[in-house]
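Below is one structure, written out as structure tokens; the observations come after it.
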Amino acid sequence: MAELKAGTRLRSAVCATEVMVIAAAGGELDLRCGGAPMIAMAQQPAGGEVDPGFAEGTLLGKRYVDEAGAVEILCTKPGNGSLALDGTKLILKENKPLPSSD
Amino acid sequence: MNVMMLLEMAAQGCGERVAFTNGQDSLTYQQLYDAAGAGAALIRASGCRYVAMLDVSSLAVPVGLFASAWAGVPYVPLNYRLTDAEIRALLARVEPALLITSDQRAAALADVAGLQIMPRDAFLQTARTAQPLAETWSMDQDDTGVLLFTSGTTGAPKAAVLRQKHLVSYILGSVEFMSAAEEDAALVCVPPYHIAGISAVFSSVFAGRRVVQLPDFDARAWLELVNREQVTNAFVVPTMLARIVEAIGDDPDVRLPSLRALAYGGGKMPLPVIERAMRVFPNADFTNAYGLTETSSTIALLGPQDHRDAAASDDPALRRRLVSVGRPLPGVEVQIRDDEGRVLGAGERGEIYVRGEQVSGEYVGRGSLLDKDGWFPTRDAGSMDADGFLFLEGRADDVIVRGGENMSPGEIEDVLLEHPAVADVAVVGIPDEQWGEGVAAAVVLKAGHSAEVAELQGWVKQRMRSSRVPQQLEFWPELPYNEAGKLLRRVVKATLSKAS
């Protein structure tokens, strides 16, 4: 479990995925990728495989959220694992694009 | 957080796309990323604590901006229109600095003690060929990304501090990653020392949109470049749009088929100019953006549909939205407060306060101006209608106090602009023995139109309280604007005060 706050960067322990937290409700949250708890950027993955139940992959630049709106996660590097919070897969955030203003 | 993360993602996602074009030269996202790394190594080796950029738009601008972020050194863009003496005064406040500039300026500033100067072409050449900095960038969100000297109307310019968290928050809050199509291109003609010039670099990079740089704005050159580079998006300040529309005139041969979106901001847009522009570019999406240096650029937007709805409406209240700056961005809150700090209701005029992750409100030596709840007083006067559309009424400091009555120049200007002969107008307070301050106006007439002083005074009197009628009114060939499109109200005020 990791303390998640805006700006926190994490990496997957089992695939190439890297993320940045854009928003998070306070407290410790169980954020996983590919079925394994995500680790700090400086930490080396201990090895392991992507859980087949969490293997749909992450897409570069996409934002992921949970149904309850507890977290918003930006994928900064894609990988094979899927993101999940407390065992439930995060979903792609629907965005309403703003017109370019500069 | 660090803006380098935005570029790293763009290099991963669309590394082969062209990121910046200047004349015949260009950089892809991967080349820009590599140049930022080599530039960072150069900055680190210099031992300097600031990187100052004193130049027109060039490929060295995005390279210097990202290289500074990678090296963890604040980037300080300087206004190239300032005199050498003014530049020296600013450089004394950012020691020790590495200055990237033109050959001419390099020679003129060569004797500044402790200053390391690198001509722009040499910087770019080194950044394109040298090895990148071995270590990665800091992710400390409180690192200073940009120090921007604001155009102080009185006293020395203030140095606004924009930290990495403000810059990154602005982009993540307003831009979708790689949302631009491969053929999209944005023409950037705002100067690189202006917040809109800085945010254009970050926005375009994260959107994956190619930037075409136009170093010296000229309406003909702008039109030509739009067609040559098949520009799809452009940002202009109101004076530029007025000149573009004027240059096109009634020439039916001028067509800009590629141009899909035209954004504007940086100053008040006169209603006749935007109405004419919408007629000249019927297929373009218009967006009005309102923002400040201290808020890392845009905080409110009037979008394309808002423009169309307002232009098509017969309801004066809805039609007036064409001169509003729209509604706050998601994640940005806006309040209108009175002098005592009370929050005002819909339609009431007061000072605009703003809150959000992108809002810095901090100056070197003065600390943060945010209140305990995170609100920043913009010193802009304005009001918000019941649907959340924000209207600017000039600077809070520009309020005219006549015999104890507060009046905003904007409301009087709006009335004068409705007169068929008036092209542009500035209303200011001038010293008045009887009332403390009196109302004065400088008016620019439309070509081929005429009007008398008494006629315009009568026009205001019919529509407003008599205290609003300008006691002094002059006709000028044009109003003084700075290159960022901001009306130089103090110049108008000084001139009209002298004449009274």
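The values are calculated or read from the model by the stated rules, or taken from the named source; none is laboratory data. What you are looking at is a predicted structure, and each value in this text was computed from that prediction instead of being measured. Virtual Cβ from ideal backbone geometry, glycine too; neighbours counted across all protein chains shown. What goes into the accessible areas is simple: the full protein's heavy atoms, side chains included, and nothing from ligands, DNA or RNA. Shrake-Rupley method; radii C 1.70, N 1.55, O 1.52, S 1.80 Å.
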Quiz prompt | Rough spin-label spacing in nm, given labels placed 7 Å along Cα→Cβ, for B:Ala346 and A:Glu28 | solution = 4.8
Quiz item: Leaving out same-chain residues fewer than 8 places away, which aspartates and glutamates sit with a Cα under 19 Å from that of B:Lys498?
Solution: B:Asp398, B:Asp432, B:Glu433, B:Glu437, B:Glu474, B:Glu478
Quiz item: Relative to the first principal axis of the alpha-carbon coordinates of chain B, what is the inclination of helix B:164-174, with its axis defined by its Cα atoms, in degrees from 0 to 90 and to the nearest 10?
Solution: 60
Practice problem: Have a look at the DSSP beta bridges in the protein assembly as shown and tell me what percent are antiparallel, nearest 5. | Solution: 70
Self-check item: Loss of accessible area when A meets B, both sides summed, Å² nearest 100, probe 1.4 Å
Solution: 2000
Quiz prompt | chain B - mean residue ellipticity at 222 nm from DSSP helices (-39,500 (n - 2.57) per run, n ≥ 4, rounded to 500) | solution = -10000 deg cm²/dmol
Practice problem: For each pair in A:Lys5/A:Lys62; A:Lys5/A:Lys93; A:Lys5/A:Lys77; A:Lys77/B:Lys165; A:Lys96/B:Lys372; A:Lys62/A:Lys96, compute the distance between the two Cα atoms and list the pairs where it is over 22 Å. | Solution: A:Lys96/B:Lys372
Quiz item: Please identify the GluC sites (Glu not before Pro) of region A:51-84 that satisfy two criteria: DSSP loop assignment and at most 15 other Cβ atoms within 10 Å. Which are they?
Solution: A:Glu56, A:Glu67
Quiz item: Which trypsin sites (Lys or Arg not before Pro) does region B:429-487 hold that lie in a coil by DSSP with at most 12 other beta carbons within 10 Å?
Solution: B:Arg465
Self-check item: Long-range Cα-Cα pairs in region B:1-115 (distance over 19 Å), rounded percent
Solution: 48
Practice problem: Could you order peptides B:426-434, A:31-39, B:135-143 by the average number of other Cβ atoms within 10 Å of their residues, highest first? | Solution: A:31-39, B:426-434, B:135-143
Quiz prompt | B:Gln125 versus B:Asp387: modelled label distance in nm, points set 7 Å from Cα along the beta carbon direction | solution = 5.8
Practice problem: In vacuum, with every alpha carbon of the protein assembly as shown counted as one equal point scatterer, what does the Debye formula give for log10 I(q)/I(0) at q = 0.12 Å⁻¹? Two decimals, please. | Solution: -1.28
Quiz item: So what does the Cα-only Debye profile of chain B read at q = 0.06 Å⁻¹, as log10 I(q)/I(0), no solvent term?
Solution: -0.28
Quiz prompt | Normalised contact order of chain B, rounded percent, pairs of Cα under 8 Å and 6 or more residues apart | solution = 10
Quiz item: If one takes the longest principal axis of the Cα atoms in chain B, at what angle in degrees, from 0 to 90 and to the nearest 10, does the Cα axis of helix B:453-463 lie?
Solution: 90
Exercise. Pairs of Cα atoms under 8 Å, at least six residues apart: use those to get the relative contact order of region B:34-179, whole percent.
Key: 28
Practice problem: Based on alpha-carbon positions alone, could you give the equivalent ellipsoid semi-axes of chain A from the gyration tensor, as √(5λ), descending, whole Å? | Solution: 21, 15, 14
Quiz item: Where the centre of each part is set by its Cα atoms, how far does region B:357-415 sit from region A:19-55, in angstrom?
Solution: 44
Self-check item: Zero-based 5 Å bins, Cα pair distances in region B:331-488, whole percents
Solution: 2, 8, 15, 17, 18, 15, 11, 8, 4, 2, 0
Quiz item: Which of these, A:Ala24, A:Ala46, A:Ala70, has the largest mean-square fluctuation under a Gaussian network model of chain A (Cα springs below 10 Å)?
Solution: A:Ala46
Quiz prompt | Segment B:Asp111-B:Ala247, length gained on full extension (0.36 nm per residue, minus Cα span) | solution = 44.6 nm
Self-check item: Under-5 Å amide H pairs with B:Phe286, H placed in peptide plane, nonlocal only
Solution: B:Leu262
Practice problem: Evaluate the relative contact order of region B:350-492 (contact order divided by residue number), counting alpha-carbon pairs under 8 angstrom at least 6 apart; express in whole percent. | Solution: 16
Quiz prompt | Within region A:1-30: backbone nitrogen closer than 16 Å to the A:Asp51 label point (7 Å, Cα to C-beta) | solution = A:1-2, A:12-15, A:29-30
Quiz prompt | Where trypsin sites (Lys or Arg not before Pro) fall in DSSP loop in region B:81-156, at most 12 other Cβ within 10 Å | solution = B:Arg81
